[in-house]
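Since the structure comes first, as structure tokens, the remarks are kept for the end.
The values are calculated or read from the model by the stated rules, or taken from the named source; none is laboratory data. Quick caveat: nothing in here was measured; it's all calculated off a predicted structure. So basically every Cβ, Gly included, is an ideal-geometry build from the backbone, and we count neighbours across all protein chains shown. The protein model used for the area step is the full one, side chains on, heavy atoms only, and it has no ligands, DNA or RNA in it. Shrake-Rupley method; radii C 1.70, N 1.55, O 1.52, S 1.80 Å.
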Amino acid sequence: MKEALKHYCGGYLCVRLRGFSPERFLNLCMARKIVIWDLRYQDGGYQFLISVGDFRRIRPLVKKAQVRLLILGRYGLPFFLYRNRKRKLYAAGIGAFFLVLFLMSQFIWNISVEGNYHFTDDTLLHYLDTLDIRYGRLKAGIDCNVLEESIRSQYPEIIWVSARISGTRLMIKVKENEVMSNVPEKDEVPRNLVAGKNGIVTRMVVRRGKAQVAVGDQIEAGQVLVSGEIPIYNDAEELADLQFVHADADIYATVSESYREVLPACVVERTDTGRCRRGLRLRAGGLSFLWMLPSIGGNPWEITSKSCQLTVLGDFYLPVWVDQIQAQEYQTYERCLTKEDREIRKNIIHQQKIENLSEKGVHIIENSVKILKEGSGWVVQGDFLLEEPVGIGQEIEETNKKEIDQADERNGNHY
Amino acid sequence: MFDQVKAAAADNLKLPKDVVLGEVLVSFVGRTSAVVENYRGILIYDDQTVKLQAKNCKLQFHGRHLHIDYYNHDEMKISGQIQSMEFGD
């Protein structure tokens with residue numbers, strides 16, 4: 001490849017060789033380090049390629065070997081330029097191309113962010129936008145060191161930033177602090193634990209607070225399970241004080257849950273007709289050019305497109321986007337669900353519910369599902385018997401505390 | 001005499017003979033191309049025969065549509081349908 005480019009830039013000739021001793025001529029060329037390539041035997045003579053510089057050096061060898069040379073063709077850049085020396089607009093076009101390429105290379109046309117997990121690309125790009133760094137910004141106006149400092153100061157969780165301009169691309173690499181910078185404060189607000197659902201308590205572990213129920217008790221939603229009010233009694237077993245704590249416990253109960261999902265009698269199905277159209281959209285700045293055949297017939301089309309930004313030599317991003325558009329024609333029709341269809345949909349719905357419960361860490365003790373006819377459609381009804389945590393924190397109201405404080409004052413209790 | 005000593009030394013020291021003795025080295029890629037190293041010159045060339053002079057022998061390629069992709073002082077690449085190659089004195 002390198003040799004071919006070198007030959008093209010320097011220009012080369014296709015030469016026919018005839019004469020008394022062509023092999024001697026070839027050996028003489030080899031001895032004088034004259035490079036000959038693509039040597040072929042054709043029609044009783046030889047044909048080869050030789051660079052322009054070497055061709056000028058072979059005149060003495062021609063006489064010595066008593067051969068005759070005939071130039072069949074001239075190739076390469078010098079000959080191309082010579083042949084097109086009068087085509088001024090052609091040259092102007094080539095010059096304009098390189099001028100536009102040079103001018104475009106002075107701007108940022110792509111910004112890439114790597115190494116970010118907590119902060120999304122959009123967050124960082126939006127912040128860069130506030131710094132006036134966006135697509136189409138002059139490269140000369142961007143100071144990478146200042147940019148690195150400003151990102152670090154704006155986002156303290158980012159502990160290392162590297163900003164680099166490569167071609168027309170601004171590459172930002174960040175490293176985030178993997179250790180959390182601030183430990184979440186422990187919630188110490190006094191509260192009770194109340195039941196979120198009806199059920200029967202199966203097991204409980206109380207860490208703080210006073211248990212109000214025991215294992216095997218029937219509970220109702222809203223009932224206090226663990227109280228955050230701890231009574232303090234004196235030696236006479238009289239109430240001396242009430243302490244308010246942040247009740248904390250693991251309370252599990254068996255609860256019943258059911259769901260209902262409506263299945264329509266008929267569903268709208270979609271089928272592809274097999275006809276498709278392809279097209280291209282070119283977007284540059286605010287302009288957009290679409291090459292695509294118009295749709296024929298009244299059927300709807302599903303249109304998908306894949307967008308890519310044009311690049312030259314890897315990092316040289318151009319402000320031009322190409323969308324590859326694909327349109328697929330389809331028809332819709334109504335179809336009544338058969339018994340098998342209903343069975344399949346019922347299983348899918350029920351399986352989805354089971355997966356949702358499993359993701360929450362709920363233990364499923366029993367489950368059942370059935371299909372019921374309801375009006376013109378069908379209903380999927382599922383029942384679960386679950387064992388799940390039922391305690392919900394409920395802050396102890398200020399009024400309760402005040403009432404107790406006032407009662408203490410009337411009784412003469414001061415602490 | 002000196003050549004025999006060099007050959008013995010190359011044998012005993014397990015040195016490559018193409019380097020020490022200047023022997024011709026031929027590498028084939030299938031039957032469509034061959035690279036010849038350590039040759040001295042071209043004796044005969046047409047589209048069916050390429051005859052080369054090496055230091056201690058001659059070697060001759062037979063085939064069809066033979067052409068020389070490139071050649072220089074060190075090596076030569078022959079392409080085409082190579083049918084045989086023989087050595088001669």
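Note: relative contact order over chain A, using C-alpha pairs below 8 Å and six or more positions apart, is 12 percent.
If you wrap the Cα atoms of chain A in a convex hull and average its projected area over all directions, you get 45.4 nm². Other protein chain C-beta atoms within 10 Å of residue C-beta, averaged over B:63-71: 5.
The residues packed around B:Val36, meaning those with a beta-carbon under 13 Å from its beta-carbon, carry a net charge of -1 if Lys and Arg are +1 and Asp and Glu are -1.
Counting only other chain Cβ atoms within 10 Å of each residue's Cβ, the peptide A:19-29 averages 3. Dipole size of the stretch A:267-335 about its Cα centre, with +1 on Lys/Arg Cβ and -1 on Asp/Glu Cβ: approximately 140 debye, rounded to the nearest 20. Dipole magnitude for the protein assembly as shown: computed about the Cα centre from +1 point charges on Lys and Arg Cβ and -1 point charges on Asp and Glu Cβ, it is near 6860 debye. For the stretch A:313-389, the square roots a ≥ b ≥ c of the C-alpha gyration tensor eigenvalues yield an a/c of 1.5 or more together with a/b not exceeding b/c, which makes the shape oblate. Annotation for the A:B interface, with buried accessible surface near 1300 Å², both sides summed [1.4 Å probe; non-protein components not counted]. Note on chain A: GNM, Cα springs under 10 Å; of A:Lys88, A:Lys139, A:Lys370, the largest mean-square fluctuation is that of A:Lys88. Quick one: net charge around A:Ile371, please, counting Lys, Arg +1 and Asp, Glu -1 for every other residue with C-beta under 14 Å from its C-beta. Value of the local net charge: +1. Beta bridges from DSSP with both residues in the protein assembly as shown: antiparallel share about 95 percent, rounded to the nearest 5. A Cβ-based charge dipole, computed about the Cα centre of the stretch A:88-184 with Lys and Arg at +1 and Asp and Glu at -1, lands at about 600 debye. Oblate is the label for the stretch B:1-52, because a/c, from the alpha-carbon gyration tensor with a ≥ b ≥ c as root eigenvalues, is 1.5 or above and a/b does not exceed b/c. Here's the list of lysines a cross-link from B:Lys14 could span, going by alpha-carbon distance under 28 Å and ignoring same-chain residues fewer than 8 apart: B:Lys6, B:Lys55, B:Lys58, B:Lys77.
Phi angles across the stretch A:97-103 convert, under the Karplus curve 6.51 cos²θ - 1.76 cosθ + 1.60 with θ = phi - 60°, into 3J(HN,Hα) values of 4, 5, 5, 5, 4, 5, 5 Hz, Gly and Pro given as x. Among A:Ile36, A:Ile365, A:Ile142, the largest mean-square fluctuation in a Gaussian network model of chain A (Cα springs under 10 Å) belongs to A:Ile36.
Positive contributions from Lys and Arg (+1) and negative ones from Asp and Glu (-1), summed over other residues with Cβ under 14 Å from the Cβ of A:Leu357, come out at -4.
Here the Gaussian network model covers chain A, with springs between Cα atoms less than 10 Å apart; of A:Leu81, A:Leu225, A:Leu69, A:Leu69 fluctuates the most.
Of the peptides A:2-12, A:105-115, the ranking by mean beta-carbon count within 10 Å, highest at the top, reads A:105-115, A:2-12.
When only Cα pairs below 8 angstrom with a gap of at least 6 residues are kept, chain B shows a relative contact order of 23 percent.
Cα gyration tensor of the stretch A:2-82, axes a ≥ b ≥ c as square roots of the eigenvalues: rounded (a/c below 1.5), prolate (a/b > b/c) or oblate? Prolate shape, in that a/c is at least 1.5 and a/b is the bigger ratio.
Counting only protein heavy atoms and using a 1.4 Å probe, the accessible area of A:Asp323 comes to about 10 Å².
The Cα center of the stretch B:49-89 and the Cα center of the stretch A:143-198 differ in position by 70 Å. Quantify how much of the Cα-Cα distance distribution of the stretch A:267-335 extends past 18 Å, in percent. Summing the P(r) tail past 18 Å for the stretch A:267-335 gives 51 percent. Solvent-accessible area of the stretch A:88-184 (1.4 angstrom probe, protein heavy atoms only): carbon and sulfur portion equals 61 percent.
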